[in-house]
Amino acid sequence: MQTATDIKNTRLTQADFEAERDTVLASWPTGRDVDFQQAVRLQHALAEENRFSTVLARANTEGKTLLQPRAGVALIREHTALLNGLSPYCDLLPTTVDAYTRHNRYEEAQKGIDSSRAAGTSLLNGFPAVNHGVTGCRQLVESLDRPVQVRHGTPDARLMAEITLAAGFSSYEGGGISYNIPYAKKVPLARSIRHWQYCDRLVGLYEDEGIRINREPFGPLTGTLVPPFVSHVVAIIEGLLALEQGVKCITLGYGQAGNLAQDIAALRSLRKLANHYFLGAGFEDYALTTVFHQWMGGFPENESKATAVICLGAMAAKYARATKIIVKTPHEASGIPTLEANQAGLEATRQMVNMISDQNRMETVEIAWEVEIIEAEVHAVMRRVLRLGQGDIARGAVLAFESGVMDVPFAPAAANAGRLTPVRDNFGAIRVFDQGDVPLPDDVIAFHREKISERSLAEGREASFDMVVDDVRAISDSRLIGRPKARPLA
């Protein structure tokens with residue numbers, strides 16, 4: 001089992017990678033069908049309009065914002081039909097992987113495939129890419145007219161990366177922190193970081209062959225009142241880890257929090273901060289884009305109200321100049337969305353993006369303040385992470401989580417301290433109620449306390465964890481801030 005003393009941010013040697021690869025490909029029968037040289041030929045043969053990195057680069061240059069939904073069902077034919085039904089409404093396609101595959105439980109995933117065939121409908125909550133193997137995944141990719149990305153939530157995604165990239169997928173989501181801390185409970189962080197070094201080195205090997213695969217760490221983390229600096233630090237670290245392994249096309253993300261000024265500031269500051277740390281580490285040859293995730297928390301059950309949440313996210317993303325938006329649907333509160341619900345969410349987002357595109361850039365004093373605060377927070381935490389690792393970002397990340405220097409609110413992982421507590425201020429921006437052991441500057445903490453006190457005064461109640469609970473539920477109850485309900489008149 002890897003520990004902080006074992007993990008290092010160094011490029012895997014070819015010998016070590018190949019030895020590990022033999023074990024990875026032998027771990028499930030479909031792994032035997034991976035042929036890297038054949039995969040290279042297939043990737044080279046992809047049309048440019050079906051290559052994720054090409055479409056992202058063009059949008060980045062032209063200042064356009066691309067749309068991508070979430071979607072995945074169990075069987076190849078049905079999943080192909082689903083994605084082709086979404087294609088006219090979006091720019092980029094997903095393949096969301098099922099829960100069994102995310103936990104490397106391929107035997108149970110196969111039972112889900114068999115049961116889905118017998119039932120005539122998907123009985124899995126995603127596409128079991130490993131079980132379908134290179135042949136099945138290639139059949140899917142060749143049936144689509146848009147670039148397609150693997151989206152999942154897997155601490156150990158090595159075999160899935162081998163299979164899907166060999167089949168022609170041109171973008172791969174996740175990271176050793178972002179697909180562990182919010183998703184797993186007992187997976188050691190050093191182990192998941194090491195497994196994702198393998199995934200990133202695999203992408204680097206494709207890059208060595210002249211093939212640009214897009215890599216996208218998962219930005220929203222738990223998606224529940226995550227302060228921007230928390231997700232930014234994780235994104236920057238995962239970006240640095242990927243660059244070290246030879247990745248050159250990176251999309252960093254942020255999950256909508258709800259306050260328009262803070263959301264705009266967050267995504268704008270993410271690009272600036274990432275460039276600062278990437279260049280500071282000596283990396284220059286890379287392409288950086290950004291993705292804005294629409295609201296990841298509880299949605300209103302009413303479709304019209306849910307559509308309003310989607311439109312607010314679209315507005316924030318476009319004003320923040322996101323390269324891509326991950327689009328939600330009006331059915332988020334009722335289970336796995338239908339094709340029609342996905343189409344509706346994409347249409348609403350497209351309309352808002354188009355209208356914002358015709359307007360001037362938004363600049364306010366509030367946005368500038370938020371950028372300043374986020375930058376101060378990120379720099380403070382990154383300094384401590386680098387100090388803990390003695391300059392090694394991988395080791396520093398593991399030690400930072402062990403010590404509580406890095407802390408993700410409401411995450412299930414045993415590796416996470418869970419002491420950092422967020423709460424909204426009187427205008428709905430996310431503030432730090434309890435910093436735990438996160439090393440934020442004194443003036444920043446004073447700023448957070450002042451903003452929380454403003455809300456306490458406005459609501460006539462002491463700041464407490466009750467506010468936090470109220471905030472978690474607020475948007476599903478059609479509010480941004482969890483205000484106390486008005487007392488009935490006597």
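The values are calculated or read from the model by the stated rules, or taken from the named source; none is laboratory data. These figures come from a predicted structure and were not determined experimentally. Cβ atoms come from the backbone with ideal geometry, glycine included; neighbour counts cover every protein chain shown.
Some points to look at:
- So Asp114, is it among the charged types (D, E, K, R), in a loop (DSSP other than H, G, I, E, B) and assigned by TED's automatic domain parsing to the domain that holds Phe52: no
- Test: residue in segment 433-446 that is within 23 Å of Gly298 (Cα to Cα), in contact (Cβ under 8 Å) with a residue 24 or more places away in the chain and not assigned by TED's automatic domain parsing to the domain that holds Gln256: yes
- Qualifying residue in segment 228-240 (condition: surrounded by fewer than 24 Cβ atoms within 10 Å (Cβ to Cβ) and assigned to a loop (DSSP other than H, G, I, E, B)): no
- Screening the candidates Ala322, Ala316 for the property of being closer than 21 Å to Lys272 by Cα, out of contact with any Asp or Glu (no Cβ under 9 Å at 6 or more places or on another chain) and either surrounded by 20 or more Cβ atoms within 10 Å (Cβ to Cβ) or in the same structural domain as Ile481 (by TED's automatic domain parsing) (or both) yields one hit, Ala322.
- Within segment 82-121, considering residues that are of a type in the set (Gly, Ala, Ser) and under 25 Å from the mean Cα position of the chain (by Cα), the one nearest to Val141 (Cα to Cα): Ser87
- Inspection of segment 85-96 identifies at least one residue that is in contact with a His (Cβ under 8 Å, 6 or more places away or on another chain) and among the β-branched types (Val, Ile, Thr).
- Listed by position, the helices (runs of 4 or more DSSP H) inside segment 378-487 whose residues that are within 29 Å of Glu332 (Cα to Cα) number at least 3 are 465-474.
- Matching residues in segment 357-373 - criterion: being modelled with pLDDT of 95 or more and of a type outside the set (Phe, Trp, Tyr): Thr364, Val365, Glu366, Ile367, Ala368, Glu370, Val371, Glu372, Ile373
This table checks each residue for (1) in the same structural domain as Gly239 (by TED's automatic domain parsing); (2) surrounded by 22 or more Cβ atoms within 10 Å (Cβ to Cβ); (3) under 20 Å from the mean Cα position of the chain (by Cα); (4) in contact (Cβ under 8 Å) with a residue 12 or more places away in the chain.
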position	(1), (2), (3), (4)
Ile326	yes, yes, yes, yes
Ile367	no, no, no, yes
Ala376	no, no, no, yes
Ala397	no, yes, yes, yes
Val405	no, yes, no, yes
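- Of Phe283, Phe278, Phe218, all but one fail to be assigned to a loop (DSSP other than H, G, I, E, B) and over 15 Å from the mean Cα position of the chain (by Cα); the exception is Phe283.
- Just one residue in the set Tyr106, Tyr198, Tyr183 is touching a residue at least 60 places away in the same chain (Cβ under 8 Å) and within 21 Å of Leu240 (Cα to Cα); that residue is Tyr198.
- Segment 253-280 - residue that is without any contact (Cβ under 8 Å) to a residue 60 or more places away in the chain and more than 27 Å from Ala474 (Cα to Cα) and, of those, surrounded by the most Cβ atoms within 10 Å (Cβ to Cβ): Ala274
- Segment 9-63: number of residues that are assigned by TED's automatic domain parsing to the domain that holds Pro88, surrounded by 17 or more Cβ atoms within 10 Å (Cβ to Cβ) and within 21 Å of Leu252 (Cβ to Cβ): 9
- Leading residue by the ranking (nearest to Ala157 (Cα to Cα)) among those in segment 96-139 that are in contact with a Pro (Cβ under 8 Å, 6 or more places away or on another chain) and among the β-branched types (Val, Ile, Thr): Thr101
- On the stretch given as segment 126-174, residues that are small (Gly, Ala, Ser), farther than 27 Å from Ser231 by Cα and buried (at least 24 other Cβ atoms within 10 Å of the Cβ) total 3.
- Lone qualifier among Arg387, Arg361, Arg350, Arg383 - being out of contact with any helix residue (DSSP H, G or I) (no Cβ under 9 Å at 6 or more places or on another chain), on the phi < 0 side of the Ramachandran plot and either of a type in the set (Lys, Arg) or assigned by TED's automatic domain parsing to the domain that holds Ser478 (or both): Arg383
- Residues within segment 175-189 that are buried (at least 24 other Cβ atoms within 10 Å of the Cβ) and over 16 Å from the mean Cα position of the chain (by Cα), tallied: 1
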